[in-house]
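Everything on this sheet refers to the single structure shown next.
The values are calculated or read from the model by the stated rules, or taken from the named source; none is laboratory data. All figures in this text were calculated on a predicted structure; none of them were measured in a lab. Cβ atoms come from the backbone with ideal geometry, glycine included; neighbour counts cover every protein chain shown. Protein only, heavy atoms only, side chains kept; ligands, DNA and RNA dropped before computing areas. Shrake-Rupley method; radii C 1.70, N 1.55, O 1.52, S 1.80 Å.
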Amino acid sequence: MTEEPRDVFRLSRDWLSVQEVVDSVSSPSCGAVSVFLGTTREDRVDGRKVIGLEYEAYEPMVQSQFSRLCADMRSRWPALMHVCIHHRLGWVKVGEASVVMAISSPHRHAGQQAVQYCISQLKASVPIWKKEVYDTQEASWKENPE
Amino acid sequence: MTEEPRDVFRLSRDWLSVQEVVDSVSSPSCGAVSVFLGTTREDRVDGRKVIGLEYEAYEPMVQSQFSRLCADMRSRWPALMHVCIHHRLGWVKVGEASVVMAISSPHRHAGQQAVQYCISQLKASVPIWKKEVYDTQEASWKENPE
Amino acid sequence: MSAQVTVLYFAKSAELTGLKEEELVAVPTPISSGDLWALLLRKQPRLKELQGHVVLAVRQQYVAIGDEQVTLADGDEVAVVPPLSGG
Amino acid sequence: MSAQVTVLYFAKSAELTGLKEEELVAVPTPISSGDLWALLLRKQPRLKELQGHVVLAVRQQYVAIGDEQVTLADGDEVAVVPPLSGG
């Protein structure tokens, strides 16, 4: 009756459902689900208005980097149960979520710490890129600060 | 065009929708939504199986304590935009969420720290009680460790 | 001086008293929170089971049971607050 | 020894080359990642714009551009990895 921990990373061209991500980590042995959503702010850059983002990924390597990241997190927080990330690809309008992640854990501290670590590491090590697209039709590739 | 920060605490006798809580904190100026769900674990206590929880609250004081907590959080993390908590009342089956909270912030660190603080402070200071109900028809009032 | 207050019982305290609330007439004021608790215990002796594990809330402000003086007015709410277990 | 590898371009590097991928025949192996990058630059001079802001991924493992020796086999994937911006 032991539950196998699951690590799921899905790249999606559609709107992300936080309910779906949360449901996919639910576990009868867990009292806590820690969640993070990253969305696009309405922003002006040099007088141009950001209207959306265009994402691309090195898809097979996203999966292998995510597996490494999960192994790393599970060694730091052995109590983690399930990890699920849905990340957008292609065009994402301002205001929509580009990433939703959820981690279930028996108690909340491990999951909360792991979610913070997970989003930092995702930005630093998972091969995904976005360019900001402006109302002037211009666009520029972004770079994560971390 | 400045957005007014919103603090919302809702006590609900129905199933909690994480989507609804997340949507209610969405803000065009925020790139991050940090979320926490607390659920009931399947548990055995002295050989009895927990089948659910029964919640009650001092409802008007829940609102006043929540307002104090939000004022406290906003002084610690001035960047926080919206705070929303939905908490169950009455009967909650094992596996269902008893609390869902979400906080939006321009950048993720403030929101993630605030969510951790918020759930700790909620448990310590908001007048809500639960009793565990067992398959033997017995029940016992719980006490938060913090 | 005295006041008529509404006492609210929650969780274990509601179970012990069999009541959600009751009116207390002629509660002396000001009164220490310890004396107020003693007065509640005389009215509801089964509350003794909560001794040492309870606080009061007067007009929705927590008050530890002890020397702190509270001033009551007619219609004030005094809640018996067993250990919290929300979340 | 030499190998035929598939070079993948992403983000800015795909824009600069106008390509998503191309085949490179007769790449010497083993080769330092710096020499591999130099070889890519000869093939796609516009990549120079990324100089100092790029790493490679060989068989889905990041390799900084420098002295590290990589061994290539026919069919291996080599990706040009501009600064990441996921999340």
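Mind pulling the angle between the C-alpha long axis of helix D:33-43 and the longest principal axis of chain D? Nearest 10 degrees, somewhere in 0 to 90.
Tilt relative to chain D: about 70 degrees.
Out of the total accessible area of the protein assembly as shown (probe 1.4 Å, heavy atoms of protein only), what percent is carbon and sulfur?
50
What Kirkwood hydrodynamic radius do you get for segment C:2-81 when you take the inverse of the mean 1/r over all pairs of distinct Cα atoms, in Å?
One decimal place: 12.2 Å for the Kirkwood radius.
Could you check how many percent of all C-alpha pairs in the protein assembly as shown are farther apart than 37 Å?
When all Cα pairs of the protein assembly as shown are counted, 42 percent exceed 37 Å.
Determine the dipole magnitude for chain D: charges of +1 sit on the beta-carbon of Lys and Arg, -1 on that of Asp and Glu, nothing else is charged, the reference point is the Cα centre, and the result goes in debye to the nearest 20.
For this selection, approximately 280 debye.
Inter-copy label distances at B:Asp135, 7 Å along the Cα→beta-carbon direction, one decimal in nm, shortest first?
Those separations, rounded to one decimal, come out as 6.2 nm.
Given charges of +1 on the Cβ of Lys and Arg and -1 on the Cβ of Asp and Glu, with all other atoms neutral, how large is the dipole of chain A about its Cα centre, in debye to the nearest 20?
220
Considering only protein heavy atoms, what per residue accessible area in square angstrom results for segment D:2-81 with a 1.4 angstrom probe?
With the other protein chains kept in place, segment D:2-81 gives 49 Å² per residue.
Output the direction-averaged projected area (hull surface divided by four) of the convex hull of the alpha-carbon atoms of chain A, in nm².
Taking a quarter of the hull surface, the average projection is 8.9 nm².
Once A and B are treated as a pair rather than alone, how much accessible area drops out, both sides summed, in Å² to 100, probe 1.4 Å?
Using a 1.4 Å probe on protein heavy atoms, the buried area is about 2500 Å².
Quick one: with label points 7 Å out along Cα→Cβ, list the inter-copy distances for B:Thr2 in nm, shortest first?
Counterpart label points of B:Thr2 in the remaining copies fall at 5.6 nm.
Using the Kirkwood formula on the Cα atoms of segment A:1-75, what hydrodynamic radius do you get, in angstrom to one decimal?
15.7
Tell me the angle of helix A:59-76 to the major Cα principal axis of chain A, expressed in degrees between 0 and 90 and rounded to the nearest ten.
40
Between helix A:108-125 and chain A, what is the angle of the helix's C-alpha long axis to the longest principal axis, kept within 0 to 90° and rounded to the nearest 10?
40
Say a paramagnetic label sat at a point 7 Å from the Cα of A:Ser29, along Cα to Cβ; which residues of segment B:17-51 have their backbone N under 14 Å from it?
Label zone hits: B:41-44.
Please work out the C-alpha center-to-center distance from segment A:47-123 to segment B:1-44 and express it in whole Å.
19
If you average the sequence gap of Cα pairs under 8 Å that are 6 or more apart and divide by the length of chain B, what percent do you get for the contact order?
Contact order relative to length: 36 percent.
Which of the lysines could be linked to A:Lys93 by a straight reach, that is with a Cα gap under 29 Å, when you skip same-chain ones fewer than 8 residues away?
A:Lys49, A:Lys123, A:Lys130, A:Lys131, A:Lys142, D:Lys12, D:Lys20
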